[in-house]
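Please read through the structure below; I'll follow up with questions.
The values are calculated or read from the model by the stated rules, or taken from the named source; none is laboratory data. All values derive from a computational prediction rather than experimental measurement. We place every Cβ from the backbone using ideal geometry, glycine too, and count neighbours over all the protein chains shown.
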Amino acid sequence: MARILDGKAIQQQILDELKPRIARLAAARRPPGLVAVLVGDNPASQLYVSSKVKTCRELGMYSEELRLPESTSTEELLRHIEEFNQREDIDGILVQMPLPRQIDSRRVLLAIRPDKDVDGFHPFNVGQLVANAPAPRACTPAGVMELLRRSGIEVAGAEAVVVGRSDIVGKPMALLLMHAHATVTICHSRTRDLPAVCRRADILIAAMGRPAFITAEFIRPGAVVVDVGINRITDRAEAERIARGAPAKLAAFEKNGSVLVGDVHPGDVATLASAYTPVPGGVGPLTIAMLMANTVECAEKRLG
Ligand code: GUN
C-alpha cells in the first residue's frame, strides 16, 4: 500500500511552529502583515487568495486583500505596489498570478521590494535561489521540500524528475532539489519519450497542468510522486478515465458535477508509488504554509 503524504497535517505542524514567533512579534512591536493583490475575477485565484488571507487571520497576523478590476493597467497596479512598499505595517506583498494579459507581469514583479517579496518571484530573489543564498523562496516548491523533509524522504543522491518548467514551480523546484543534492532532470512538452525519462525517477514531481496526465507508464514502482497540479474536471468521459482505480473521484463527480484532479492519475499512483500526495490535500496546503512562513520571516528581519 502506498503511503499518502498528508499535506494538511504537515501544514498544521508548520503553522503551529509559527504561532510563538507571531506572538513574539505581536508582543514586541506588531503582528506580521501581508497584503494579497488579486486582479480580475478568475474563480480559482479568488479561492486561493481568500484561503491565504483567512489563514493569516487565523494565525493572528494582519492581512489585507486588494481586489482590482480585470481592466486594471500596469501603471495602476504599480501605484498600489509602491504604496505597499512604503507602508510600515506591511511585511509581505503577494500579487496573485496569472495577471490579465494587458499587465506587464515582469514590471510588476520587479516593482515589489525584494525584502517584501513573500512569493520569491522578484528577479533578485530568483538570483539568490540560483546562488543558494538566503532569500524568500517560491512557496510551492519550498512547500514540496518541507513535505519531503518532514516525511523522511531522502533527497540527497536521489534521481528527481520535474515535469514542467514554469517560473513559479518547475524551475525553482529543480533548483531546490539540486541544492539538496538530488540528480535533477527537467522535462517539458518537447521532451522525447517522456514516460521513459519519468520512469527513472525516485522522486517524480508533476507540475505541468494537465489533468491525470502522469499514468502508470510514467511511474517507476516504488517511486515517491508529488502532484503539484490542480485541475477541475467537468467532462464525464474525462471523469470516468480518471476514476479508473479511484472510484471516489467518480462519486465526487456524480455529486457535484465536477471533480478536482491533479496532474497524476489517482488510481495509477496509488497502485505503483511508495508514497504520493493526494489532490486536494497534498501540496496545496503547503503552499499556504510557506507563504505564512515567508511573511513571518520577512517581519522578523524588518522588526529586528
Ligand atoms: N499562482 C499560482 N501559484 C501562485 C503562488 O504561489 N503565488 C502567486 N502569487 N500566484 C500564484
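For residues that are of a type in the set (A, V, I, L, M) and away from the ligand (no atom under 16 Å from the Cβ), scanning just the range 139-158, find the one that is nearest to V118 (Cα to Cα).
The extreme case among them is L148.
Give the range 70-112 a look and list any residue that's more than 15 Å from the ligand (Cβ to nearest atom) and either buried (at least 21 other Cβ atoms within 10 Å of the Cβ) or in a loop (DSSP other than H, G, I, E, B) (or both), or say none.
Within the range 70-112, E70, S71, T72, S73, R87, E88, D89, I90, D91, R101, Q102, D104 qualify.
Identify the residue in the range 17-48 that is among the hydrophobic types (A, V, I, L, M, F, W, C) and touching a Cys at 6+ places or on another chain (Cβ under 9 Å) and, among all such residues, is nearest to the ligand (Cβ to nearest atom).
Looking at residues that are among the hydrophobic types (A, V, I, L, M, F, W, C) and touching a Cys at 6+ places or on another chain (Cβ under 9 Å), I get A36.
Kindly evaluate D202 against the criterion of being more than 22 Å from the chain's Cα centre (by Cα) and either surrounded by 20 or more Cβ atoms within 10 Å (Cβ to Cβ) or among the acidic types (D, E) (or both).
Judged against the criteria, D202 is not a match.
Among the candidates R24, R67, which residue alone is without any contact (Cβ under 8 Å) to a residue 12 or more places away in the chain and of a type in the set (K, R)?
None of the others qualify; the one that does is R24.
Can you pull out every residue in the range 1-54 that is part of a strand (DSSP E or B) and either under 30 Å from P100 (Cα atoms) or at pLDDT below 95 (or both)?
Those that are part of a strand (DSSP E or B) and either under 30 Å from P100 (Cα atoms) or at pLDDT below 95 (or both): G33, L34, V35, A36, V37, L38, V39.
Can you list residue pairs whose Cβ atoms sit under 6 Å apart, with the first residue in the range 73-100 being closer than 19 Å to G120 by Cα and the second being more than 16 Å from the ligand (Cβ to nearest atom)? Count only pairs 6 or more apart in sequence or on different chains.
As it stands, the answer is I90/G33; D91/P32; D91/G33; D91/A299; D91/R302, since those pairs meet every condition given.
Rundown of residues vs (1) at pLDDT 95 or above; (2) among the small types (G, A, S); (3) under 27 Å from V49 (Cβ atoms), yes/no style:
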{"site": "A252", "(1), (2), (3)": "yes, yes, yes"}
{"site": "K255", "(1), (2), (3)": "yes, no, yes"}
{"site": "V264", "(1), (2), (3)": "yes, no, yes"}
{"site": "A273", "(1), (2), (3)": "yes, yes, no"}
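Moving on. Check the range 144-152 and report whether any residue there is in a loop (DSSP other than H, G, I, E, B) and either within 30 Å of R3 (Cα to Cα) or touching a helix residue (DSSP H, G or I) at 6+ places or on another chain (Cβ under 8 Å) (or both).
Among the residues of the range 144-152, at least one is in a loop (DSSP other than H, G, I, E, B) and either within 30 Å of R3 (Cα to Cα) or touching a helix residue (DSSP H, G or I) at 6+ places or on another chain (Cβ under 8 Å) (or both), which makes the answer yes.
Right, another one. On the basis of being closer than 25 Å to G281 by Cα, out of contact with any Phe, Trp or Tyr (no Cβ under 7 Å at 6 or more places or on another chain) and away from the ligand (no atom under 16 Å from the Cβ), does A201 make the cut?
For A201, the condition - closer than 25 Å to G281 by Cα, out of contact with any Phe, Trp or Tyr (no Cβ under 7 Å at 6 or more places or on another chain) and away from the ligand (no atom under 16 Å from the Cβ) - is met.
May I pose another question? Going through the range 125-136 one residue at a time, which ones are surrounded by fewer than 16 Cβ atoms within 10 Å (Cβ to Cβ), of a type outside the set (G, A, S) and not in a loop (DSSP other than H, G, I, E, B)?
If the condition is that a residue be surrounded by fewer than 16 Cβ atoms within 10 Å (Cβ to Cβ), of a type outside the set (G, A, S) and not in a loop (DSSP other than H, G, I, E, B), then V130 is the only one that fits.
Conditions first: (1) surrounded by fewer than 24 Cβ atoms within 10 Å (Cβ to Cβ); (2) of a type in the set (G, A, S); (3) in contact with a Lys or Arg (Cβ under 8 Å, 6 or more places away or on another chain). A293 passes all but one, so which condition is the exception?
(3)
Let me ask you something else. Which pairs turn up if I take residues in the range 254-273 that are of a type in the set (D, E, K, R) and look for partners that are surrounded by 22 or more Cβ atoms within 10 Å (Cβ to Cβ) with beta carbon separation below 6 Å, at least 6 apart in sequence or on another chain?
Between residues of the range 254-273 that are of a type in the set (D, E, K, R) and residues that are surrounded by 22 or more Cβ atoms within 10 Å (Cβ to Cβ), the close pairs are D263/A206; D263/I214; D263/D227; D263/G229.
Can you find even one residue in the range 130-138 that is within 16 Å of the ligand (Cβ to nearest atom) and not aliphatic (A, V, I, L, M)?
Yes, because at least one residue in the range 130-138 is within 16 Å of the ligand (Cβ to nearest atom) and not aliphatic (A, V, I, L, M).
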